[in-house]
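Heads up, the thing below is written out as structure tokens.
The values are calculated or read from the model by the stated rules, or taken from the named source; none is laboratory data. None of the values given here were measured: they were computed from a predicted structure. Cβ: placed from backbone, ideal geometry, glycine included. Neighbour counts: every protein chain shown. Calculation scope for accessible area: heavy atoms of the full protein, side chains included, ligands and nucleic acids excluded. Shrake-Rupley method; radii C 1.70, N 1.55, O 1.52, S 1.80 Å.
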Amino acid sequence: MRRMSGFNLVSLTFGLAFLYLPMLILVIYSFNASKLVTVWAGFSTRWYGELLRNEAFLDAALVTLKVGLISSTIATVLGTMAAWILVRTGRFFGRTLFSGMIYAPLVMPEVITGLSLLLLFIGIGLDRGILTIVLAHTTFSMCYVSVVVSSRLTSFDTSLEEAALDLGCTPWQSFRLVTLPIIAPAVISGWLLAFTLSLDDLVIASFAAGPSSTTLPMKIFSAVRLGVSPEINALSTIMIGIVAFGVVIFSLVSKRATARQLQEERDAARAES
Amino acid sequence: MRRLILILVPYAWLLALFLVPFLIVVKISLSDVALARPPYLPQLDLAAGWAGVKDFFQQLDFENFTFLTSDDLYWRAYLSSLRIALISTVLTLLIGYPVAYAMASAQPEWRPTLMMLVILPFWTSFLIRVYSWMGILSQNGVLNSFLLWTGVISEPLTIMNTEIAVYVGIVYTYLPFMILPIYATLEKLDVSLIEAAEDLGCSRASAFWLVTIPLSKPGIIAGCFLVFIPALGEFVIPSLLGGSGTLMIGKVLWEEFFNNRDWPVASAVAVVLLLILIIPIVLFQRNEQKNREAGK
């Protein structure tokens, strides 16, 4: 496929504009001085100030961050274990059910996942709060982690692990010293994915949260239900900024890591010859 | 022994927090509303032994499901969810295919950047991306102001709180899911096949229809399912952009649970939604498996 015609250029420009213009407009209007969101009344950072003074938002942000950090970390551990089981262990009782339970949450509508977890929490009499949101988020994000990690596990050479075992490693040592460094990029992407999914989730958190714990998406949702709000524009701009910053840093770091790896391989090849 | 523990931990987690909750939903969908909290009957009384279990099963009935068929709100909600999901999938395909095609035709050194630009919106909050359209589509929003200013229209258009706004929202948020699988098949496409078709007398358009489209079919099918399946149970988009006039089953379930507090009916709605979803999910998995075997 190598033909860049005028039509291709137009559809590419149109497609990317469609993806980015709405967010750009949101960012521009977050600096609008007017309370009427659609009337431009000059540049101002007023809404950012109001946002920082709004303690309800700060509290919600703190809850969201806490839930995200805890749930993505547990989900990464459980998801990596699940990926290992799917790829490396042979047959065991109930294997089909297990892989079904890994893939089903990926396509399950959020309203159903949320409803079923809430009914469970009420059924066993668990008080709803941060703990229940963490449990809910861990459950669905561990499935995403295990998909990401298992694709990396399938593509790597098992003889490296066997060599480590032959040379006297315990299974745990061979995992820690050989397997983990190789699958580390996938584990890190899995963690990042789980973390973003947790920060982003509105529906499941709404079901799992109690009256005392509100996450940021829940706060945003109840604020914008009735219309556009300038404070939410400011908050969105901050969140978009953090993601953009994170992605730039991450791609720079991974580019440097790839370059270093290539250099090392080249050096090794030279040393051999 | 160690292997057993390794298997047991994630297994037990998923059983307790995925399978058991789902069975509870099925059970409650077969129960009756009770006035006490939690509002459903019967309760499984294990202390009563076998008699308790028997009693429990005798009290279950399909009343909630008959209720769903008798009230046409639910019928209309399921049908309009299917219609909205179908139309938005087609729209996403029509917009996504040219973009994927253009990406695959770009210089190889540009492709990773283009791919990152398509994936990047996925990392920003879904809720914020939907919300960004509220300021654009509303009565005195950016789009209407722009169109009035250019003189294309003289009266503001009503887009917000209609089904059109829901289509815009679904196409916008799920576009990357359509572009990426199509791009993946187009990128691997052998250009010499198209050149051969043109050498043998095909026009460029008919070479596109007869060679490119059929060869990118696996990507098209995967993309369509990836948009259709989540769109069917969507809650956030219809409730922010669709207004009260747009019926979608995810929204009905939410309202049944939070506003009407009718848990058995909400559970029955969930069970039926899942039964509808099983068909596209099974078809999707079969398509994926076929692709994997073809790839080997």
Would you confirm whether any residue within the range A:30-43 is of a type in the set (K, R), surrounded by fewer than 17 Cβ atoms within 10 Å (Cβ to Cβ) and either assigned to a helix (DSSP H, G or I) or without any contact (Cβ under 8 Å) to a residue 40 or more places away in the chain (or both)? no
Helices (runs of 4 or more DSSP H) wholly inside the range B:111-165 that include at least 2 residues being closer than 19 Å to A:F14 by Cα and open to solvent by 50 Å² or more (accessible area, probe 1.4 Å): B:111-123, B:142-150
Looking at A:M23, is it within 18 Å of A:L193 (Cα to Cα), within 12 Å of another protein chain (Cβ to nearest Cβ) and in a helix (DSSP H, G or I)? no
Going through the range A:79-99 in order, the residues found to be in a helix (DSSP H, G or I) and either closer than 30 Å to A:F221 by Cα or open to solvent by 10 Å² or more (accessible area, probe 1.4 Å) (or both) are A:G79, A:T80, A:M81, A:W84, A:L86, A:V87, A:R88, A:R95, A:T96, A:L97, A:S99
When you go through (1) of a type outside the set (G, A, S); (2) more than 8 Å from chain B (Cβ to nearest Cβ); (3) under 18 Å from the mean Cα position of the chain (by Cα) one by one for A:T132, which number turns out not to apply? (3)
Quick one: would you say A:V63 is open to solvent by less than 80 Å² (accessible area, probe 1.4 Å) and closer than 20 Å to A:I220 by Cα? yes
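This table checks each residue for (1) at pLDDT 85 or above; (2) open to solvent by 80 Å² or more (accessible area, probe 1.4 Å).
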| residue | (1), (2) |
| --- | --- |
| B:R3 | no, yes |
| B:L15 | yes, no |
| B:I24 | yes, no |
| B:L35 | no, yes |
| B:Y40 | no, no |
| B:L44 | no, yes |
| B:W50 | no, yes |
| B:V53 | no, no |
| B:S70 | no, yes |
What are the residue pairs meeting all of these: first residue in the range A:161-185, first residue over 19 Å from A:T89 (Cα atoms), second residue open to solvent by less than 70 Å² (accessible area, probe 1.4 Å) and not small (G, A, S), Cβ atoms under 9 Å, and 6 or more apart or on different chains? A:L177/A:C169
Considering residues that are at pLDDT below 90, open to solvent by less than 80 Å² (accessible area, probe 1.4 Å) and at the interface with chain B (Cβ under 8 Å from one of its Cβ atoms), the number found within the range A:6-20 is 1
Could you pull out every one of the helices (runs of 4 or more DSSP H) wholly within the range A:158-230 that has 2 or more residues that are under 30 Å from A:M108 (Cα atoms)? A:180-200, A:203-208, A:216-224
Just to be sure, is A:G68 surrounded by fewer than 13 Cβ atoms within 10 Å (Cβ to Cβ), away from chain B (no Cβ under 11 Å) and not polar (S, T, N, Q)? no
Within the range B:172-215, considering residues that are part of a helix (DSSP H, G or I) and more than 14 Å from every other protein chain (Cβ to nearest Cβ), the one nearest to B:P238 (Cα to Cα): B:P181
By my count, helices (runs of 4 or more DSSP H) wholly in the range B:216-296 with at least 2 residues that are open to solvent by 10 Å² or more (accessible area, probe 1.4 Å) and not aromatic (F, W, Y) are B:217-232, B:249-258, B:263-295
Given A:T138, A:T132, A:T158, A:T179, which one is farther than 20 Å from A:T73 by Cβ and either of a type in the set (V, I, T) or modelled with pLDDT under 85 (or both)? A:T158
